[in-house]
Amino acid sequence: MVALMGVMKRVSLIFKSKANRALDRMEDPRETLDYSYQTQLELLQKVRRGVADVATSRKRVELQINQLQQSSDKLDRQARDALSAGREDLARDALTRKAGVQTQMSDLNTQYTSLQGEEEKLTGASQRLQAKVDAFRTKKETIKATYTAAEAQTRINEAFTGISEEMGDVGMAIQRAEDKTEQMKARAGAIDELMASGALDDVVSGPRDDIQAELDRMGAGHDVDAELARMKTELEQGSAPRQLESTPEPAQGAADLPSAQVAQPADQPSAGDGQ
Amino acid sequence: MIVRILGEGQLLIDDSAADELNELDSALEAAVERNDEVGFAPALDALLTRVRAIGSPVAADVIEPSALILPQRDATMAEVRKLLSDEGLIPG
């Protein structure tokens, strides 16, 4: 029988039976109104705290996304630096870490959207409940002033059942948001640990930034290596045309220079003239 | 009649829509009964989409129980099962 009733009807009956059980426990119908109003106010507090909690979690995720973005940008720069210094191995290392950082970021972005959704839902739930609680307060005073306890029973039952349904809905929304926030906190904590361990963020900013360290270490020798490389290239390029053309023109020679040299015009005259 | 979508609020729907909604609801219920994860989400979505399309929001200060209550849009089948089994998904 129940199985044929449909989901919609069954859920509504379950909500109603919950409210009825609560009503049965109350002795004086008017006390029911006051008691219910108290629990409504408590729930309002709870849903507002829920909104604040979700917002806090969302901001934490936002902060982490920004940190990871900085990591990603820096790893990208390091890869370029490494590559222009002829260190493809370091560049590869930096890009591999950048890919890892981006995976984390995309995961966090998904979580961020989800938290944003929960925040919106809870905010809406809070507003709807507020409106109903205000209406309930007016209604309960009207019922208490106008009707005898016996007469009031039907109206109280209806108001109580109606508000209970709203409260049940809001209560579940809070629960769902709390669950998501908890999951989020666990993930955020894990990412903080990853950053602290140097696997992500410290690659960029901390003492374990081995890529940067290697680049820095190369710093002094960097110019020498670059100059050596440029010289080699020049020698290779220069020897071929000189064999073919007896009088190489300086302008042509300059045009043939690799772009890396064009970026350092100050070095060109001496390097070109010297060879 | 008043229909609630959990997490979204109450909507007023003309009684004449009952047959149509029952049909969509039966598909949802059948998916739950069959434990059909694949069929569940589209069935829920179809029902919610139709209810939203034909319903008009009930004023926020109206305090009335709903004739029908629908699971929230991102509900899992497990959540709907719990909802139907009265196992305390509804607090209080």
*Has segment B:73-89 got at least one residue that is in contact with a helix residue (DSSP H, G or I) (Cβ under 8 Å, 6 or more places away or on another chain), at the interface with another protein chain (Cβ under 9 Å from one of its Cβ atoms), surrounded by fewer than 17 Cβ atoms within 10 Å (Cβ to Cβ) and over 27 Å from A:ALA135 (Cβ atoms)?*
yes
*asked:* Residues that are touching a Pro at 6+ places or on another chain (Cβ under 9 Å) and surrounded by fewer than 19 Cβ atoms within 10 Å (Cβ to Cβ): does segment A:57-71 have at least one?
replied: no
*Please find, within segment A:143-158, the residue that is surrounded by the most Cβ atoms within 10 Å (Cβ to Cβ) out of those that are closer than 14 Å to A:GLU31 by Cα and within 14 Å of another protein chain (Cβ to nearest Cβ).*
A:ILE156
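Would you mind finding the one in A:THR138, A:THR161 that is more than 30 Å from A:ILE65 (Cα to Cα), at the interface with another protein chain (Cβ under 10 Å from one of its Cβ atoms), touching a residue at least 24 places away in the same chain (Cβ under 8 Å) and not hydrophobic (A, V, I, L, M, F, W, C)?
It is A:THR161.
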*Taking segment B:2-31 as the region of interest, how many residues are more than 8 Å from every other protein chain (Cβ to nearest Cβ) and in a helix (DSSP H, G or I)?*
11
*The listed residue being modelled with pLDDT of 90 or more and at negative phi, out of A:GLU158, A:GLU165*: A:GLU165
*Checklist (1) in a loop (DSSP other than H, G, I, E, B); (2) polar (S, T, N, Q); (3) out of contact with any strand residue (DSSP E or B) (no Cβ under 8 Å at 6 or more places or on another chain) applied to B:GLN72, failing item*: (3)
*Filtered residues of segment A:88-106 (kept if surrounded by 14 or more Cβ atoms within 10 Å (Cβ to Cβ) and either in contact with a Lys or Arg (Cβ under 7 Å, 6 or more places away or on another chain) or over 12 Å from A:GLN212 (Cα atoms) (or both))*: A:LEU95, A:ARG97, A:LYS98, A:GLY100, A:VAL101, A:GLN102, A:GLN104, A:MET105
*Could you grab me the full set of residues in segment A:83-142 that are aliphatic (A, V, I, L, M), over 30 Å from the mean Cα position of the chain (by Cα) and more than 29 Å from A:SER57 (Cβ to Cβ)?*
A:LEU83, A:ALA85, A:ALA135
_Step by step: first the residues of segment B:47-70, then only those that are small (Gly, Ala, Ser) and more than 10 Å from chain A (Cβ to nearest Cβ), then the one that is surrounded by the most Cβ atoms within 10 Å (Cβ to Cβ). Which residue is that?_
B:GLY55
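Results for (1) touching a helix residue (DSSP H, G or I) at 6+ places or on another chain (Cβ under 9 Å); (2) modelled with pLDDT under 95; (3) closer than 14 Å to B:ALA75 by Cα, shown as yes or no for each residue.
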| residue | (1), (2), (3) |
| --- | --- |
| B:GLY7 | yes, yes, yes |
| B:SER16 | no, yes, no |
| B:GLU20 | yes, yes, no |
| B:ALA27 | yes, yes, no |
| B:VAL32 | yes, yes, yes |
| B:GLY39 | yes, yes, yes |
| B:PRO42 | yes, no, yes |
| B:ILE54 | yes, no, no |
| B:ALA60 | yes, yes, no |
_Residue count for segment B:41-59, restricted to those that are touching a residue at least 40 places away in the same chain (Cβ under 8 Å) and among the hydrophobic types (A, V, I, L, M, F, W, C)_ = 4
*Do we find a residue being under 20 Å from A:ASP169 (Cβ atoms), more than 41 Å from the chain's Cα centre (by Cα), surrounded by 13 or more Cβ atoms within 10 Å (Cβ to Cβ) and not small (Gly, Ala, Ser) anywhere in segment A:10-20?*
yes
*asked:* So for segment A:28-40 (the condition being within 17 Å of A:ILE191 (Cβ to Cβ) and surrounded by fewer than 17 Cβ atoms within 10 Å (Cβ to Cβ)), does at least one residue qualify?
replied: no
*Of the numbered conditions (1) more than 13 Å from the chain's Cα centre (by Cα); (2) within 9 Å of another protein chain (Cβ to nearest Cβ), B:ASN35 satisfies every one except a single condition; which is it?*
(2)
*asked:* One residue is enough: does segment A:49-61 have a residue meeting the conditions more than 18 Å from A:ALA125 (Cβ to Cβ), within 14 Å of chain B (Cβ to nearest Cβ) and not aromatic (Phe, Trp, Tyr)?
replied: no
*Of all residues in segment A:106-134, which are within 11 Å of chain B (Cβ to nearest Cβ) and within 14 Å of A:LEU44 (Cα to Cα)?*
A:LEU122, A:GLY124, A:ALA125, A:GLN127, A:ARG128, A:LEU129, A:GLN130, A:ALA131, A:LYS132, A:VAL133, A:ASP134
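The values are calculated or read from the model by the stated rules, or taken from the named source; none is laboratory data. Owing to the predicted nature of the structure, the values given are computational and were not obtained by experimental measurement. So basically every Cβ, Gly included, is an ideal-geometry build from the backbone, and we count neighbours across all protein chains shown.
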